[in-house]
């Protein structure tokens, strides 16, 4: 996926994981730093389609904006990143967030419209200590499934299941 995005003009840093192909009609206006993860369904919108309402006065008008994402960011499932958005490094964008403007580094962002709701570093500390944070990424699928099923079965027996 990264290779095809780069070929379309998206600037993609090193060690990125991208699970979306929604990079608008001007993918060359999108820049992703190193170690960025983009979940499925995320859309990068580099233009304002409402400009077409000016077609009688300005038939060829378009309003465009760059999108930049700093290093070590995570963008959650189905987030929408609007034109002219700049996301600082080490940010977490929550699932479904509609993001515009400038997002400072180390921000935890959620909502529609998206707002900074905390610091990404604090969220990651809580996540690291969470009882359901298990080391299953990258395992063969059979082994991964067994580990996850066993984990939740043990939680259910202990009365901690949710």
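The values are calculated or read from the model by the stated rules, or taken from the named source; none is laboratory data. The shown structure was predicted, so the numbers you read here are calculated from the model rather than taken from an experiment. Counting neighbours? That spans all protein chains shown, and the Cβs are built from the backbone with ideal geometry, glycine included.
Of note:
- Residue within the range 12-27 that is touching a helix residue (DSSP H, G or I) at 6+ places or on another chain (Cβ under 7 Å) and part of a loop (DSSP other than H, G, I, E, B) present: yes
- Any hit, the range 108-121, residues being within 21 Å of residue 17 (Cβ to Cβ), touching a helix residue (DSSP H, G or I) at 6+ places or on another chain (Cβ under 7 Å) and touching a residue at least 12 places away in the same chain (Cβ under 8 Å): yes
Yes/no matrix, rows are residues, columns are (1) out of contact with any strand residue (DSSP E or B) (no Cβ under 8 Å at 6 or more places or on another chain); (2) more than 18 Å from residue 72 (Cβ to Cβ); (3) outside any helix (DSSP H, G or I); (4) outside the structural domain of residue 87 (by TED's automatic domain parsing):
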position: 121; (1), (2), (3), (4): yes, no, no, no
position: 135; (1), (2), (3), (4): yes, yes, yes, yes
position: 139; (1), (2), (3), (4): yes, yes, yes, yes
position: 145; (1), (2), (3), (4): yes, yes, no, yes
position: 148; (1), (2), (3), (4): yes, yes, no, yes
position: 153; (1), (2), (3), (4): yes, yes, no, yes
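- Among the residues of the range 38-61, the ones that are part of a loop (DSSP other than H, G, I, E, B), touching a strand residue (DSSP E or B) at 6+ places or on another chain (Cβ under 6 Å) and without any contact (Cβ under 8 Å) to a residue 24 or more places away in the chain come to 0 in all.
- Residues (closer than 24 Å to residue 27 by Cα, within 14 Å of the chain's Cα centre (by Cα) and not in a loop (DSSP other than H, G, I, E, B)) located in the range 75-109: 75, 80, 81, 86, 87, 92, 93, 98, 99, 103, 109
- For residue 72, the criteria (1) exposed (fewer than 15 other Cβ atoms within 10 Å of the Cβ); (2) part of a loop (DSSP other than H, G, I, E, B); (3) at pLDDT 95 or above; (4) over 9 Å from the mean Cα position of the chain (by Cα) hold in every case but one, which is (1).
- Only one entry in 88, 40, 33 is surrounded by fewer than 14 Cβ atoms within 10 Å (Cβ to Cβ), at pLDDT 95 or above and in the same structural domain as residue 7 (by TED's automatic domain parsing), namely 40.
- Inside the range 126-145, residues that are out of contact with any helix residue (DSSP H, G or I) (no Cβ under 9 Å at 6 or more places or on another chain) and surrounded by 10 or more Cβ atoms within 10 Å (Cβ to Cβ) make up a count of 5.
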